[in-house]
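Before any comments, here is the structure.
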Amino acid sequence: MPVAASSDVVTENTAPVLDHGFLALDGAFADDLAVVNAARVSFNVASEELSERDEGLIRFLMRDRHGSPFEHGYFRFLVKAPIFVVREHHRHRAGHSYNEWSGRYSKLDAEFYLPDFVRTQVGKPGAYRFEPVDPAVRDQARAEIRAAAESAFEAYERMLEQGVAKEVARTVLPLALYTKYFWSCNPRSLMHFCGLRNSEQAQYEIREYARAAEGFLERLMPVTHAAFVANGRVAP
Ligand SMILES: Cc1cc2nc3c(=O)[nH]c(=O)nc-3n(C[C@H](O)[C@H](O)[C@H](O)COP(=O)(O)OP(=O)(O)OC[C@H]3O[C@@H](n4cnc5c(N)ncnc54)[C@H](O)[C@@H]3O)c2cc1C
């Protein structure tokens, strides 16, 4: 599979996310046949093309939670996301690798997430609903977020000009700041991530990234993805 984006350039393998972010499939080595052959090696046999019987095997593996045959694929993404999304994303440990832009080594860009969907929280912890606020409140909230981000970035630049180290100056920057990182995972770990984060319980912003990631899974591994959905979107 092909290489996609390693910059902000939008290609067919780049899904724009939020106002300035994206999820780009930078490389992949993943298909349904690898799942089947990882399972069939138990009997020292292999398929060259995916048959209906193989598709049934994938559904069985998913349903009965035989997870390891789903680990023999590889997705490498370049992600541009606000820091608060990254904090949630990087909690996913098993089968995930990350390398992020360092604010110690280079100056960060003045790019901030300005929420379109400004909402209010209704209900109890664990069962919140989120409803849009009135347009006037939304405009005021967006103005507050923008002003705070701009003011923080001005302070950051002032400190840099005075010779303060980047690692110290960056401490004034807000969670809305965009950063970039490589994220690699296997199909099983990707499904676990999507099950938790492309979910109504997850925060809207990370859900947008998980939805984009799930789209790539569906494109490269359609049978696996369909079985995942049929299994209640629970990873094996
Ligand atoms: C809606 C939502 C709300 C959340 N709220 C909070 C919150 O308020 N505070 C907070 O801190 N986090 C919160 N999280 C993060 C959550 O607790 C997990 O850290 C995150 O979802 C990653 O899930 P995971 O550990 O299953 O994934 P991974 O780290 O990818 O692990 C995958 C699986 O591997 C196994 N595993 C991995 N590591 C271990 C280990 N050390 N020991 C045993 N088994 C292991 C487990 O079976 C695990 O499910 C929230 C997540 C969601 C989706």
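The values are calculated or read from the model by the stated rules, or taken from the named source; none is laboratory data. These numbers were taken from a predicted model, which means no experiment stands behind them. Virtual Cβ from ideal backbone geometry, glycine too; neighbours counted across all protein chains shown. In case anyone asks, the SASA skips ligands and DNA or RNA and just uses the protein heavy atoms, side chains included. Shrake-Rupley method; radii C 1.70, N 1.55, O 1.52, S 1.80 Å.
Could you grab me the full set of residues in segment 24-47 that are touching a Leu at 6+ places or on another chain (Cβ under 8 Å) and open to solvent by 20 Å² or more (accessible area, probe 1.4 Å)?
From segment 24-47, those touching a Leu at 6+ places or on another chain (Cβ under 8 Å) are 24, 26, 28, 30-33, 35-36, 39-40, 47; that's our starting set.
Residues satisfying the conditions are D31, L33, R40, S47.
Could you check how many residues of segment 73-94 are in a loop (DSSP other than H, G, I, E, B), more than 11 Å from the chain's Cα centre (by Cα) and buried (at least 17 other Cβ atoms within 10 Å of the Cβ)?
Qualifying residue count for the region: 1.
Here are G195, G123: which of them is free of Cβ contacts under 8 Å to residues at least 12 places away in the same chain, open to solvent by less than 60 Å² (accessible area, probe 1.4 Å) and not hydrophobic (A, V, I, L, M, F, W, C)?
It is G123.
For segment 48-72, give me the residue count where each residue is part of a loop (DSSP other than H, G, I, E, B) and either among the polar types (S, T, N, Q) or open to solvent by less than 20 Å² (accessible area, probe 1.4 Å) (or both).
Here the count works out to 2.
Kindly establish whether S184 is buried (at least 21 other Cβ atoms within 10 Å of the Cβ), touching a residue at least 24 places away in the same chain (Cβ under 8 Å), out of contact with any helix residue (DSSP H, G or I) (no Cβ under 7 Å at 6 or more places or on another chain) and not hydrophobic (A, V, I, L, M, F, W, C). Give the derivation first.
Working: buried (at least 21 other Cβ atoms within 10 Å of the Cβ): no; touching a residue at least 24 places away in the same chain (Cβ under 8 Å): yes; out of contact with any helix residue (DSSP H, G or I) (no Cβ under 7 Å at 6 or more places or on another chain): yes; not hydrophobic (A, V, I, L, M, F, W, C): yes.
For S184, the condition - buried (at least 21 other Cβ atoms within 10 Å of the Cβ), touching a residue at least 24 places away in the same chain (Cβ under 8 Å), out of contact with any helix residue (DSSP H, G or I) (no Cβ under 7 Å at 6 or more places or on another chain) and not hydrophobic (A, V, I, L, M, F, W, C) - is not met.
For Q140, only one of the following conditions fails: (1) in a helix (DSSP H, G or I); (2) within 15 Å of the ligand (Cβ to nearest atom). What is its number?
Of (1) in a helix (DSSP H, G or I); (2) within 15 Å of the ligand (Cβ to nearest atom), only one is false for Q140: (2).
Let's see how each residue does on (1) within 16 Å of the ligand (Cβ to nearest atom); (2) over 30 Å from V41 (Cα atoms):
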| position | (1), (2) |
| --- | --- |
| F84 | yes, yes |
| R87 | yes, yes |
| G95 | yes, no |
| N99 | no, yes |
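Output the residues belonging to segment 126-153 that are touching a Leu at 6+ places or on another chain (Cβ under 9 Å) and open to solvent by 90 Å² or more (accessible area, probe 1.4 Å).
Passing the criteria: only R146.
Suppose the filter is within 15 Å of the ligand (Cβ to nearest atom) and at pLDDT below 95; does E200 pass it?
yes
Please go through segment 203-235 and give me each residue that is within 14 Å of the ligand (Cβ to nearest atom) and assigned to a loop (DSSP other than H, G, I, E, B), ordered by number.
Once the filter is applied, which keeps residues that are within 14 Å of the ligand (Cβ to nearest atom) and assigned to a loop (DSSP other than H, G, I, E, B), segment 203-235 yields Q203, R233, V234, A235.
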